[in-house]
Amino acid sequence: MNVDELILVSIDDHVVEPADMFKNHLPANLADQAPHVETDASGVDRWIYQGRVTGVSGLNAVVTWPPEEWAKDPAGFAEMRPAVYDIHDRVRDMDRNGILASMCFPTFAGFSAGHLNHFKDPLTVIMIQAYNDWHIDEWAGTYPGRFIPLALLPTWDPQLMVAEIRRVAAKGCRAVTMPELPHLEGLPSYHDITYWGPVFAALSETGLVMCLHIGTGFGALKLAPDAPIDNLIILA
């Protein structure tokens, strides 16, 4: 077997969401309440939702950077390889790298929508649905068969999660991203079957895969404050 002929299915990729991602997926009367990107005085692009600031990328967008420059610092779109946020450039790079299909975890929203779910309200449910519609219909849907759609959930309410699981499954989504250690987000642990049971049942019924991205769990570890970023990569 020639390793150069291998075709890969990558299940731990990331998308840096483009600044206009909500444009086509919200009613006009909610457009001004959507998460949006602002550039601060230092020239750093930041997502803002309901007044709360979140960085754009950090370690998710260091492709082509020299390893000594890898860090968790937010970066501007201008510093990134376009393929991290542009679907056409992404597929072009996938073709170059021999990647048949890719599953892309979110960036600004948080691996399990933790940044959006900071606000547990009806508006956030709409924003999560808009994110999922963008991810399924626009990001993954532009090149059918090249991406494994991955949806977010409103994790603070089991019935809302069940409803969104069924909604995205009907749209062709095959997986959802959920907290690695939910108790670190103030939620019941996965040992609480009363809380999570309906969610697990809905996932089983629809055949959706529950994906837990490593990262949240670093909050449970006491790491050396002066350790290099490689320390996290090794742990991962």
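The values are calculated or read from the model by the stated rules, or taken from the named source; none is laboratory data. All values reported here derive from a predicted model rather than from experimental measurement. All Cβ positions, glycine included, derive from the backbone under ideal geometry; neighbour counts span all protein chains shown.
Annotations
- Residue, modelled with the lowest pLDDT, within region 47-95, restricted to residues that are out of contact with any strand residue (DSSP E or B) (no Cβ under 8 Å at 6 or more places or on another chain), β-branched (Val, Ile, Thr) and surrounded by 13 or more Cβ atoms within 10 Å (Cβ to Cβ): 62
- Flag for residue 133 being modelled with pLDDT of 95 or more, surrounded by 16 or more Cβ atoms within 10 Å (Cβ to Cβ) and not small (Gly, Ala, Ser): yes
- Residues of region 119-130 that are touching a Phe, Trp or Tyr at 6+ places or on another chain (Cβ under 9 Å) and assigned to a loop (DSSP other than H, G, I, E, B): 119, 120.
- Within region 178-189, the set of residues being crowded, with 18+ Cβ neighbours inside 10 Å and closer than 15 Å to residue 157 by Cα comprises 178, 179, 182, 185, 187.
- Qualifying residue in region 193-207 (condition: of a type in the set (S, T, N, Q) and not in a helix (DSSP H, G or I)): no
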